[in-house]
1. Can you compute the charge dipole magnitude of segment A:40-342 about its Cα centre, using +1 on each Lys and Arg Cβ and -1 on each Asp and Glu Cβ, nothing else charged? Give it in debye, rounded to the nearest 20.
2. So how long is each side of chain B along the principal axes, counting just the alpha-carbon atoms, biggest first, in Å?
3. How long is the gain from A:Arg193 to A:Phe175 if the chain were fully straight, where each residue apart is worth 0.36 nm and the alpha carbon distance is subtracted?
4. Under 8 Å for C-alpha pairs, at least 6 residues apart: give me the relative contact order for segment A:40-342, rounded to a whole percent.
5. Using the structure shown, select from B:Lys186/B:Lys218; A:Lys272/A:Lys310; A:Lys244/B:Lys87; A:Lys244/B:Lys106; B:Lys27/B:Lys332; A:Lys244/B:Lys86 the pairs with a Cα to Cα distance greater than 21 angstrom.
6. All other residues with a Cβ under 14 Å from the Cβ of A:Ile53 taken together, and with Lys, Arg as +1 and Asp, Glu as -1, what is their net charge?
7. With angles folded into 0 to 90 degrees, how steeply does helix B:78-91 sit against the dominant principal axis of chain B? Use alpha carbons for both and round to 10.
8. Whole percent per 5 Å bin, from 0 to the bin with the longest distance: what is P(r) over all C-alpha pairs of segment B:145-252?
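Just so it is clear, none of the values below were taken in a lab; they were calculated from the coordinates. If you're wondering where the values come from, they're calculated on a predicted model, not measured in any experiment. Because the Cβ atoms are built from the backbone with ideal geometry, glycine has one as well, and the counts that use them run over all protein chains shown.
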Amino acid sequence: MLIGNYKVSYAADQAIFRTPASRAWLWVLLGVAVAFPFVAGDYFLYLANLVGIFTIAALGLNILTGFTGQISLGHAAFVGVGAYATAIAATRLGLPFWLAVPAGGLAACLAGALVGTPSLRIKGLYLAIATLAAQVILEWVFTNWTGMTGGIRGINVAPAGLWGFEFDTDRRVYFLVAGLAAFHTWAAANLFRTRVGRAFIAVRDRDISAELMGIDLFRTKISAFMISSYYAGIAGGLWVYFAKVVTPESFPLSLSIQFLAMIIVGGLGSIKGTLFGAVFVTLVPEGLRAVVQGATAYSPDAMSWLAPMKDIVFGAMIVGFLVFEPHGLAEIWNRIRRFFWLWPFPK
Amino acid sequence: MTMTLKSTFAALLAAAMTTAGAQEEIKIGACQPITGRFAFAGGQLNAGLGDSIAFANEQGIVKGKKLTYFFEDTGYDTEKAVASFKKMMAQQNPAIMYGESTGQGKAITPELNSKYKIMYGSTSFSSELADPTTHPYSFVSGPTYSDQFGILLQYIAKGAAKGVRPKVAFFYSDTEFGKDPIAWGKQRAAELGIDVVAEVVAKVGAVDVTTEVLNLKKAKPDFVIFQGFVMAPIPEVIRAARDHGLKTTFMSTFWSMDKGIIEKLGEDAEGYMGVNPYGYYYEDTPAMNAMRKYNERVHPAEAKYRPNSYIQGWFTGMVYVEALRRTVAAGKPVTGDNLMAALATIKDWDTNGITGKVTFVNNKAAVGRVYRANVAKGIFEPASDWIYVK
């Protein structure tokens, strides 16, 4: 039972793990993550990889939108830039994956710096439209720069290899994805304990006050864009080694919206929320599909009207969450936790 | 001695069981785009494939085996489709799978080749999936889009007056679906003595097509071939072209050849043509009659008309069944390799009017027929015999 949380230093206030129990739970979670590939089948591993890749990408978007307050509708395109850069580095330059994936991150980072430039002059919805333009332009480049991107057919990439070990199955790719997702989650959580990260939050809360405090707005916004796109690029690079093919149709505007949905449902400005959001947006539709599939066993014709129902249910769930908890799943989680701090005593 | 007696007895028992006992089950799974952007065809593809397999069971085409069909909705989303594919492979271990899109076909290829090794058919007519060197387990149940372009161009070349070079424009969308046959189309046109006078790219579902139509007006093509659209902007383009007084013949490939487009176009459908790899549901051929009869019995509510996507699903089912029949008849185990080998032996196979004579070369059957809209009757009628291309 936790009756208080007394802090006597700034370090304690900044700590990611406030109590020994939360640290212990993290170890449990890590244990589960390591044990998972040994018990799960192909289907669940595939979904886990998808969640892992989306987590990295959504973390990037949350750094930009949730923590720095800059809306982006072009996040999927940055994932695409990373994916193409990785695929090109791997196939044209023959780089191994441990160089090709960071190359993807770097390329996306540069693209992000470019697209982020207008953010000095425009913000809010206007910036959203500027980033939407980036999404459209980049998608066009993926399709039409045939010499580099392979046009509509895209690029096929061989599985990642390390000292003769091939990451060719979902089980093996899982270790790659889970490792990188864990590292990037750790890095993001720690980013906001540094001066740069705190500057992001200051800019989000009130950009003019932030500037008065001596924060270089332009530099801060651009670095937020760069870090965010770097995350997207890493996700894109992993995507390439996960899907083994990259085509322009893999990074549509709807994917950008999906990333936004993840961070909004999970919790803007929350690392934990990003994880929840990525899991929710990826797995709930799968769960609903399984329910519909189960129902068709009883009535084969049910599919025709049940199948569209799952989209409606999913949409209603998102609206419901936002109405009842605007701070997202992360806040719901916190509330449940607070309840158990005092349990079994009433508040 | 007792051991040999015992094993002989066991063998006899096993033999008796396979001949007299329960039929062995062969599973066929499908990832179908029943919801999402492809929903206009997904439900019918699913019905066609499922019915075709049920029909084959009734007829007992694959001797001593019972075929079971199961499917999942994928919402025309590549990631969901791949997940669904893996789930079905893990849970049911089917001998044959059906996929919802070109994207899914490409995404599962590495594992299809290295791990699953089963026969894979799909909704796709992409040339890429009909390349046996890179995609040894997948096939296209009909002609690829390139073949469909080849059929149309061959038809145009044949109908041209001596010494006149027909002028053709390609009107396509900026998607994989739209661009797939364009390079081959240009090459084939040059070989056949046809001039490609314009290439116009438009968005799927575009409403304002003024610029595109003006481009056509400048180029004055005799024929315009659409690719990469299903409905919009085809009616818009034809209508605007007629308003501008263009006397062009408009043509399409499979997805824009259902009779729904005639209803949509109304009077402007006059002269609209295109290639269909299969016959129409209302045609008077033995196979279509049997298909209609089956529908009247099993789905009386929908027996009046079935769109082309239903026929595509049905034909894909027929190909599965034929490959299974040949494999089982040869006494070989039902594996992906054996099924694909059996597919390659299909030559001049008579489908009694579902399509022409079917020969699988390079994992595709390059046959189709040119149809023309009959506005008064609201249907498509054959404008040529079955055309075979290489």
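1. On the way: 20 positive and 15 negative charges, 153 e Å.
That gives segment A:40-342 a dipole magnitude of about 740 debye.
2. Computed over chain B, the largest-to-smallest principal extents equal 91, 42, 41 Å.
3. Computed gain between A:Arg193 and A:Phe175 is 3.7 nm.
4. Values: 493 pairs, mean separation 96.1, N = 303.
Reported as a whole number, the value is 32 percent.
5. Numbers: B:Lys186/B:Lys218 19 Å; A:Lys272/A:Lys310 26 Å; A:Lys244/B:Lys87 19 Å; A:Lys244/B:Lys106 9 Å; B:Lys27/B:Lys332 17 Å; A:Lys244/B:Lys86 16 Å.
Too far apart for the 21 Å limit: A:Lys272/A:Lys310.
6. Details: positive: A:Lys244; negative: A:Asp170, B:Glu79.
Result for the local shell: -1.
7. 10 degrees
8. Cα pair-distance distribution for segment B:145-252, in percent: 2, 13, 26, 25, 19, 11, 3, 0.
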